[in-house]
Amino acid sequence: MSRQAGRKQDNHKISRELFVLTYGALVAQLCKDYEKDEDVNICLDRMGYSIGIRLIDDFLARSAVKKCRSYSETTDMIAQVAFKMYLGVTASVSCSSAAGNEFSLILDKNPLVDFVEELPAERASLCYCNLLCGVIRGALEMVHLAAEVTFLQDKLKGDAVTEIGITFLRKAEDRKHKR
Amino acid sequence: MAVCIAVIAKENYPLYIRSIPTENELKFHYTVHTSLDVVDEKISAMGKALVDQRELYLGLLYPTEDYKVYGYVTNSKVKFVMVVDSSNTALRDNEIRSMFRKLHNSYTDIMCNPFYNPGDRIHSRAFDNTVNSMMMQVC
């Protein structure tokens, strides 16, 4: 049941404001439910994870990309194709380790924080977009790539750009599961 | 020049009030408070009329010897009140309307912030900047 261009339902888009407001309401409600920022972050990550494990199939079916041969190709795919498809923005990739398994995605514009000016004073260590980290982690896990995804820099906390760090947890030579 | 800008909630308490220096801040607060009666009068006079952009702007509420007070009400009954110096006769009605429109846009942006609860006082840097630009620019 792959989603080809013929299906009319694909062209229905919902308004971006509705999506951003929904995400904002979700984070605000979590902040009311949990006292500690860490708990909210973990909850967002878990939610993102369950979205990611489902989203990966939709992504692979829609984009029909070929198999990635290396971690950097995978990261490029996430930054250019996946972000563009789902968020409408592209991220730039930089590799930050000699071993070739740590990368970071740098986002200039993040549509999820359109209406949030700054984090409230009592929530200084909240990772507002932690859902994205969970999504990436879940999606990578379903293609058998274990990774740790965290926020390295966040515009909401005063940094210049938003930076997501992806650390692949297995060495490139160990990927012998290809049949 | 706009000497005082205030945002009043539906229940008629202030969400945001700012006036330019500052000797007589209390006088402006009092002016805004009394202008609320005029606003209510105008709103009830409009009655069942279809509310469109023109009727959000209430126009000159009342003039005194020193200043003029203009009003604007949104569909959610949030009122913006602007006190302008009378000596500045160059201010056209259109300019006042566009200032209110800018205020309304800034207010909408604040409402969209998920951490803002409607009814709270407004503490937003972007809104402050908009208000500052109006108070200086018309100087």
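For the stretch B:1-131, the mean projected area of the C-alpha convex hull, equal to one quarter of the hull surface, is 8.1 nm².
Once A and B are treated as a pair rather than alone, how much accessible area drops out, both sides summed, in Å² to 100, probe 1.4 Å? Using a 1.4 Å probe on protein heavy atoms, the buried area is about 900 Å². Short-range pairs are left out: with C-alpha atoms under 8 Å and at least six residues apart, the relative contact order of chain B is 30 percent. Across B:Thr108, B:Thr74, B:Thr31, mean-square fluctuation computed from a Gaussian network of chain B (C-alpha pairs under 10 Å connected) peaks at B:Thr108. Among the protein heavy atoms, those of B:Cys112 account for about 30 Å² of accessible surface (1.4 Å probe, every chain in place). Buried on complex formation within the stretch B:96-127 (loss of at least 10 square angstrom of accessible surface versus the isolated chain, 1.4 Å probe, ligands and nucleic acids ignored): B:Asp109, B:Cys112, B:Asn113, B:Pro114, B:Phe115, B:Asn117, B:Ser124, B:Arg125, B:Ala126. Both radii come from the Cα set of chain A: Rg as radius of gyration, Rh as Kirkwood radius; their ratio Rg/Rh reads 0.97.
Here the accessible area of the stretch B:1-131 is 51 percent carbon and sulfur, with a 1.4 angstrom probe and all protein chains present.
For chain A, which whole-number percentage of the solvent-accessible area (1.4 Å probe, protein heavy atoms only) is attributable to carbon and sulfur atoms? Before the final figure, lay out the partial values.
Values: 5700 of 10690 Å².
Within chain A, the accessible surface is 53 percent carbon and sulfur.
Peptide A:112-119 has a mean of 4 when you count, residue by residue, the C-beta atoms of other protein chains within 10 Å of its C-beta. Across the protein chains, with a 1.4 Å probe defining accessible surface, the residues B:Met135, B:Met46 rank B:Met46, B:Met135 from largest area downward. Think of a 1.4 Å ball rolled over the protein heavy atoms: the stretch B:1-131 then has 54 Å² of accessible area per residue. Solvent-accessible surface of the stretch A:26-109, taken per residue with a 1.4 Å probe and all protein chains present: 56 Å².
Averaged over A:24-30, how many beta carbons belonging to a partner chain fall within 10 Å of each residue's beta carbon? Please report the intermediate quantities before stating the final value.
On the way: counts 5, 1, 1, 2, 5, 1, 0.
What the average comes to for A:24-30 is 2.
Within 12 Å, Cβ to Cβ, of A:Ala160, how many net charges do the neighbouring residues add up to if Lys/Arg are +1 and Asp/Glu are -1? Kindly include the intermediate steps, with their values, before the conclusion.
Details: positive: A:Lys155, A:Lys157; negative: A:Asp108, A:Asp154, A:Asp159, A:Glu163.
Local charge sum for A:Ala160: -2.
Ligands, DNA and RNA excluded, the heavy atoms of B:Tyr13 present near 80 Å² of accessible surface to a 1.4 Å solvent probe.
Rolling a 1.4 Å probe over the protein chains gives A:Thr150 an accessible area of about 70 Å².
The values are calculated or read from the model by the stated rules, or taken from the named source; none is laboratory data. Every value quoted in this text rests on a predicted model; they were computed, and no experiment measured them. Here the Cβ is made from the backbone with ideal geometry for all residues, glycine too, and neighbour counts use every protein chain on show. Note: accessible area is taken over every heavy atom of the protein model, side chains too, but ligands, DNA and RNA are not part of it. Shrake-Rupley method; radii C 1.70, N 1.55, O 1.52, S 1.80 Å.
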